[in-house]
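The structure appears right after this line, and notes come after that.
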Amino acid sequence: MKIQRVMAQIAGSVLALLASQVQAAEIKVLASTAVKTTLEALAPQFENATGNKVDITFAPAAALKVKIDEGAAFDVAILAASVTDSLAGSGKISTPATTIAHSGIGVAIRKGAPKPDISTTEAFKQTLLNAKSIGFTGAGATGAYLKTLFEKLGIADELKPKLKPLQGAAGEAAAIGEVEIGMTQISEILPYTGAELVGPLPPDIQSYTYVSAAASAASKEADVAKAFIKFLAAPAALAVIKTKGMEPG
């Protein structure tokens, strides 16, 4: 009987070890730069709670979509909702996607510089016309919207000489004085201590980008991927999302 008890204990230990090996996994996440600071705060919490690892690659959503279309492997995509919708249509992700957060476009300047008036659409328009240089990231939904907005406001031609499409972050460009005014998602301005958020665009011309998460249709860690998405949408994550310049849902 003693031998049987010992064997049972050994068997139990082996099963526990195997269970821990099955549960512990690493998932690859492709995420928009709009949620960079949010995920940098939340991913470690998920890792500590579950023992799983989260490997995140950040880039503009449009650039990540190209990588996915070209066959890049991933477990979770956290991108602009329009992009995840497109990926769902092509069968790249499992559906439905879960909306995580949304963010509006903000105006950034170098910290300590005179704060321009953007309180109304007309004031915003004059601020752009008076600026020496204006920067925004060319790739992605925000850049496309701003180009359309300049046309709508009738100032596209006047702004052409001072527009500076950026490869990097608009918040950083404003922080180091590369541009006088930077425009991007508010969540992409707040991380740069040398930049100051003037404020969001006036309500009548504001555009919100909704970010949603979905698991890859080819993920080998589908359960962990879905658990991570559920974690990001849980009430405990809401406070973090708000502190990072975004709104839940």
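The values are calculated or read from the model by the stated rules, or taken from the named source; none is laboratory data. The shown structure was predicted, so the numbers you read here are calculated from the model rather than taken from an experiment. Cβ sites come from the backbone with ideal geometry, for glycine too, and all protein chains shown count toward neighbours. In case anyone asks, the SASA skips ligands and DNA or RNA and just uses the protein heavy atoms, side chains included. Shrake-Rupley method; radii C 1.70, N 1.55, O 1.52, S 1.80 Å.
Among the numbered criteria (1) modelled with pLDDT of 95 or more; (2) under 26 Å from residue 30 (Cβ atoms); (3) surrounded by fewer than 22 Cβ atoms within 10 Å (Cβ to Cβ); (4) β-branched (Val, Ile, Thr), which single criterion is violated by residue 176?
The number of the failed condition is (2).
For residue 166, state whether it is free of Cβ contacts under 8 Å to residues at least 40 places away in the same chain and surrounded by 14 or more Cβ atoms within 10 Å (Cβ to Cβ). Show your work before the answer.
Working: free of Cβ contacts under 8 Å to residues at least 40 places away in the same chain: yes; surrounded by 14 or more Cβ atoms within 10 Å (Cβ to Cβ): yes.
When the stated conditions are applied, residue 166 passes them.
Restricting the search to segment 195-208, which residues are closer than 23 Å to residue 40 by Cβ and open to solvent by 30 Å² or more (accessible area, probe 1.4 Å)? Quick ask: steps written out before the conclusion?
Taking segment 195-208 as the starting set, the residues that turn out to be closer than 23 Å to residue 40 by Cβ are 195-197, 200, 208.
Listed by number, the residues that qualify are 196, 197, 200, 208.
Where in segment 30-119 are the helices (runs of 4 or more DSSP H), entirely inside, with at least 1 residues that are out of contact with any helix residue (DSSP H, G or I) (no Cβ under 9 Å at 6 or more places or on another chain), of a type outside the set (A, V, I, L, M, F, W, C) and on the phi > 0 side of the Ramachandran plot? Even if it seems obvious, please write down each step before you answer.
Values: elements: 36-50, 61-69, 81-89.
Ranges flagged: none.
For segment 68-103, name all the residues that are closer than 30 Å to residue 194 by Cβ and either polar (S, T, N, Q) or surrounded by fewer than 19 Cβ atoms within 10 Å (Cβ to Cβ) (or both).
103 - this is the single residue of segment 68-103 that is closer than 30 Å to residue 194 by Cβ and either polar (S, T, N, Q) or surrounded by fewer than 19 Cβ atoms within 10 Å (Cβ to Cβ) (or both).
Just to verify a result, which residue in segment 34-53, among those that are β-branched (Val, Ile, Thr) and open to solvent by 20 Å² or more (accessible area, probe 1.4 Å), is nearest to residue 219 (Cα to Cα)? Don't jump to the end; show me each part of the working.
Residues of segment 34-53 that are β-branched (Val, Ile, Thr), as a first pass: 35, 37-38, 50.
Filter once more, keeping what is open to solvent by 20 Å² or more (accessible area, probe 1.4 Å): 37, 50.
On the way: 37: 25, 50: 18 Å.
Filtering segment 34-53 for residues that are β-branched (Val, Ile, Thr) and open to solvent by 20 Å² or more (accessible area, probe 1.4 Å), the one nearest to residue 219 (Cα to Cα) comes out as 50.
Name the pairs whose Cβ atoms lie under 9 Å apart, with the first residue in segment 222-243 and more than 14 Å from residue 43 (Cα to Cα) and touching a residue at least 40 places away in the same chain (Cβ under 8 Å), the second open to solvent by less than 50 Å² (accessible area, probe 1.4 Å) and among the acidic types (Asp, Glu), and 6 or more positions between them or separate chains?
222/75
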